[in-house]
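To start, the structure itself, in structure tokens.
None of the figures in this text is laboratory data; all of them are computed from the coordinates on show. The structure displayed is predicted, hence computed values, not measured ones. In this analysis, Cβ positions are derived from the backbone assuming ideal geometry, glycine residues included, and neighbour counts consider all displayed protein chains.
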Amino acid sequence: MSRTTGTVDRKTAVLGGVALLLTLGVVAGGLLAGGVALDEDIYAVAVSPDSPYHEPVADATPLEPVPAGAPNADVYVDDRDPGDRSATVSVADTPKGQAALGAFRSAVERHNNGLLLAEANQSAAFPVGVTLSYVERGSQRIGTNDGGVATGDDGVTDGDGAGGGNAGGDGAGGPGSTDGDTAGGGLGVPDFGGVAGPLFGGQPTGSPAEISPPFPFSSLVLAFAFLVPMNFVIQAYGSTILNERVNRRGELLLVAPLSGSDIVAGKTLPYAAAALIATTLIAAGVGGGVIAVAAVFPIALVFLASTFVGAMFARSFKELTFVTVTVSVTLTTYAFVPAIFATVTPIALISPLTLVVRDLQGEAVAIGEYLFSTGPFYLTAATLFAMGVGVYREEDMFTQRAVPLKFLDALAVRLHRPRDVALLSALSIPFVFVAELLAVALLFALPQGAAIVGLLVVVAVVEEVAKGVGIYAGFSQSRFERDLPTALKLGALSGAGFFVAEKATAVVQIVGLGSLPLGEAAFGTAGVGADLGPVAGLGLLALPLVLHVVTAAVGAVGATRGRRSWAATLLVAMAIHFAYDLTVVSALG
């Protein structure tokens, strides 16, 4: 900021300030005049000025009152007796006329609700009150009046209002009602009330017209606000790293008696602290607590780690801008999309933002759920920082090598012995886990058959690339001999390392994701074969190991001959992997 300020002369600064003030004045004037409405006066309603319907039409933004005899109106209100407060409404036989009728009906309902709210006797204005209590899917509710049991997959109960809510003159304690907190373990919907009511939504009590759905969309918007400051933090952080490469300022640090990890940690900690402070302030502002901060902080770490690797790979600020935008969009999508399914717990817990929403609603979060949501982020951040530190050296920092070549350098620098390939494959598990979780969230809404097939394709592609890219990096950087025995050995080590690390994903069973068909297809069949005896169980456990070793070896053979051969054999390995997974899923039903 100080360098940018010094490049602007006083005349330019004064002109820029005047232009900014004029812009703010125009915007403020528009807001004071009532704001901007894109749908203002788009429907013409022919209504008499003395009609009781004229006021709601005039108050509605999309409706424009015109004289009763005006031609080409979208809605016609015929008041034969204005004192009767009834009228005949007709519409133009066009799609616009039908839309105008809907807007007219909404305007009248809104006007009537306003009149009722102005009544002094609210119990007379709203004689029916409703209290909703939501139950878990498949649970049972017992009616207090007749002992009747109401069950169903939809969590809907029937019988004199039991399970659905309370109905009575004052909205509480009507005949045949049940209490959501004591009968059947009902799930309460957050009622924020007051000024925050329209902001959060989810009002479970009041008249039928006031009941709003429990979907916490506004809470998600507030959770999304946690991610906005991170974009500014990573812009400054990435520029700092790239400046040392472009201007060779980092050369002084390279000759200092410090390791690359020490230098990177010293540069990263201030920005991590800034992200933590911003997250804490936002949490305090929206009513969140420690859970919200703890859930968002690992996302901030992945933002910083991805930006660091991108800044080490980028050759210019233009490429760095592309990297930071890609990082922001990708991570925001991963964090936001699963949280949309906030009522489908296993899917929603893929995103740490679900923990933020729960914290905003005052719900408890189990330690297993926290580890499931944030564990991939912690592991991914650690792996990315380790990858970036590997290329924090002169031959990579101050050369204009292509991004794919630097990526291969970052992998090859960790390969000193054949067994390092197994470690590299194991370290790819966080990225594989994140990619498969995102695929589960994106494919969840599709028909089950198509979703499972699409997910198996994603699994085959992601896992084979993860197992093979380290082997290809070793061969391309001449870390290993290009012969068949070495390729088979590296393939076996890569497959075995990936298999051992993959078993760690059994944590998905803690939150129940394996109970969903997509979760079972993506993360294996833990527990399958337990009733077949130890021999059959070990056999089923060995099959994925054989699969990973064989497919990794197939790809490794092609990697010895160059990029095109590796790509061809990688496709063969993906086909084998997909056929195996499809066979297993089909056999399991």
Per-residue Cβ contact counts at 10 Å, fewest first, order PHE224, PHE104 as PHE224, PHE104
So if we plug the beta-carbon distance of THR12 and ARG561 into 1/(1 + (r/R0)^6) with R0 = 51 Å, what FRET efficiency do we get, rounded to 0.05? 0.30
Please express the Cα-Cα pair-distance distribution P(r) of region 413-490 as a list of whole percents, one per 10 Å bin, running from 0 to the bin with the greatest distance. 18, 38, 24, 16, 5
With a Förster distance of 41 angstrom and the Cβ-Cβ distance between SER259 and VAL572, calculated FRET efficiency to the nearest 0.05 equals 0.50
Of the listed peptides 91-103, 268-280, what is their order by residue-averaged count of other C-beta atoms within 10 Å, with the highest listed first? 268-280, 91-103
Proportion of all alpha-carbon pairs of region 343-444 beyond 15 Å (%): 70
Cut-off 10 Å between beta-carbons: net charge of the residues surrounding GLU394, Lys and Arg +1, Asp and Glu -1: -1
Expected vector for region 562-569, Karplus 3J(HN,Hα) from phi with 6.51, -1.76, 1.60 and θ = phi - 60°, integer Hz, x for Gly and Pro, equals x, 5, 5, 5, 5, 4, 5, 5
For the residue pair THR326 and LEU22, what label-to-label distance in nm results when each label sits 7 Å from Cα along the Cα-to-beta-carbon direction? 4.1
Given the C-alpha centroids of region 36-79 and region 412-490, what is the distance between them in whole angstrom? 63
In nanometres, what is the gap between the two model label sites at GLN235 and ALA273, each 7 Å from Cα along Cα-to-Cβ? 2.3
Work out from phi, with θ = phi - 60° and the Karplus expression 6.51 cos²θ - 1.76 cosθ + 1.60, the ³J(HN,Hα) of each residue of region 224-237, listed in order in whole Hz, and give x for Gly and Pro. 4, 4, 5, 7, 4, x, 5, 5, 6, 5, 6, 4, 5, 5
Place the peptides 554-562, 240-248 in order of packing, highest mean first, counting for every residue the other Cβ atoms within 10 Å and averaging per peptide. 554-562, 240-248
In nanometres, what is the gap between the two model label sites at ASP59 and GLU319, each 7 Å from Cα along Cα-to-Cβ? 6.1
Taking only C-alpha positions in region 292-391, Rg and Dmax in angstrom work out to 14.9, 47
For a protection proxy built on the mean count of beta-carbon atoms within 10 angstrom, sort 123-129, 331-337, 58-64 highest first, please. 331-337, 58-64, 123-129
Once the cut-off is 13 Å, how many percent of the Cα-Cα pairs in region 43-122 end up in the long-distance tail? 65
How much length would be gained if the chain were fully extended between ASP483 and ALA125, taking 0.36 nm per residue of separation minus their Cα-Cα distance, in nm to one decimal? 120.3 nm
Kirkwood estimate for region 216-413, i.e. one over the average of 1/r between Cα atoms, Å: 17.5
